[in-house]
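The values are calculated or read from the model by the stated rules, or taken from the named source; none is laboratory data. All values derive from a computational prediction rather than experimental measurement. Here the Cβ positions follow ideal geometry from the backbone for every residue, glycine too, while neighbour counts run over all protein chains shown. For the accessible areas, the whole protein counts, side chains as well, though only heavy atoms, and no ligand, DNA or RNA atoms are used. Shrake-Rupley method; radii C 1.70, N 1.55, O 1.52, S 1.80 Å.
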Amino acid sequence: MSDAGQDEPRHNRFRFPVWGLIPPVVAALLFGVFFWGLFNPSPNLRSVLIGKPVPEFVLPPITGRTEGFATADLKGKVAVVNVFASWCVPCRAEHPFVTELARSGVPVYGINHKDKAADALAWLAELGDPYTRIGADTDGRVSIEFGVYGLPETFVVASDGTIAYRVVGAITRETMDQTLLPLIRDLQRKAGGKTE
């Protein structure tokens with residue numbers, strides 16, 4: 001006579017729910033891709049504005065400063081426009097490169113995107129202020145006109161006021177040395193060396 005009561009039925013044994021791992025694994029992958037994209041943007045991502053004039057805008061200064069930033073400031077010289085905010089982690093990572101661009105002789109203009117003036121001023125006081133002028137884009141409208149969808153973004157503007165190049169995400173050493181500086185030097189040479 002067999003003792004069937006001694007063996008536990010197979011359907012009552014503990015089974016690890018493998019399907020339960022799917023949501024956390026997918027979430028972890030998406031999180032990883034998001035942060036990889038923040039610090040490793042595609043330098044080839046083009047803007048529909050490449051080769052077109054900079055949008056017309058006039059931005060007031062950050063509260064506590066005297067000069068804002070407008071389209072007219074970009075006319076007649078090769079310049080860089082950097083869209084940043086104090087709350088943007090990749091903006092902090094790229095700030096030394098923005099400073100290096102300014103020290104290389106190219107005017108760098110800032111669009112401070114949806115930031116509190118006190119936070120922006122404290123951020124600049126801590127990290128240094130490489131900007132020729134900064135405009136406060138408190139509602140984000142000018143950033144949208146530039147086609148910005150994430151911070152930071154940087155635009156190289158030719159002396160004729162057209163957008164020559166766009167960097168989506170943080171500027172890196174590779175982007176600086178292999179793309180931005182050579183492009184800026186070439187544009188300056190074509191413009192007759194005008195930087196200011």
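Which one is surrounded by the most Cβ atoms within 10 Å (Cβ to Cβ) among residues in the range 46-77 that are β-branched (Val, Ile, Thr) and assigned to a loop (DSSP other than H, G, I, E, B)? Spell out the reasoning first.
Going through the range 46-77, the residues β-branched (Val, Ile, Thr) turn out to be 48, 50, 54, 58, 62-63, 66, 71.
Next cut, assigned to a loop (DSSP other than H, G, I, E, B) only: 48, 54, 62, 66.
Values: 48: 9, 54: 22, 62: 25, 66: 7.
The qualifying residue surrounded by the most Cβ atoms within 10 Å (Cβ to Cβ) is 62.
Going by the conditions given, is residue 102 surrounded by fewer than 21 Cβ atoms within 10 Å (Cβ to Cβ) and farther than 21 Å from residue 73 by Cα?
Values: surrounded by fewer than 21 Cβ atoms within 10 Å (Cβ to Cβ): yes; farther than 21 Å from residue 73 by Cα: no.
When the stated conditions are applied, residue 102 does not pass them.
Determine whether the range 170-185 contains at least one residue that is touching a Cys at 6+ places or on another chain (Cβ under 8 Å) and modelled with pLDDT of 95 or more. I'd like the intermediate steps shown before the answer.
Initially, the range 170-185 is screened for residues touching a Cys at 6+ places or on another chain (Cβ under 8 Å), giving 170.
Now narrow it down to the ones that are modelled with pLDDT of 95 or more: 170.
Yes, the conditions are met somewhere in the range 170-185.
State whether one or more residues within the range 33-41 are open to solvent by 20 Å² or more (accessible area, probe 1.4 Å), touching a Gly at 6+ places or on another chain (Cβ under 6 Å) and at pLDDT 80 or above.
no
Out of the helices (runs of 4 or more DSSP H) lying entirely within the range 78-196, which hold 3 or more residues that are of a type outside the set (Ser, Thr, Tyr) and farther than 16 Å from residue 49 by Cα? Before the answer, list the steps.
On the way: elements: 89-103, 117-127, 141-145, 181-190.
Answer list for the range 78-196: 89-103, 117-127, 181-190.
Name every residue in the range 66-100 that is touching a Lys or Arg at 6+ places or on another chain (Cβ under 8 Å) and either of a type in the set (Val, Ile, Thr) or more than 16 Å from residue 134 (Cβ to Cβ) (or both), in order of residue number.
So in the range 66-100, the residues touching a Lys or Arg at 6+ places or on another chain (Cβ under 8 Å) come out as 67-69, 73, 76-78, 85-86, 97.
Correct list: 76, 77, 78, 97.
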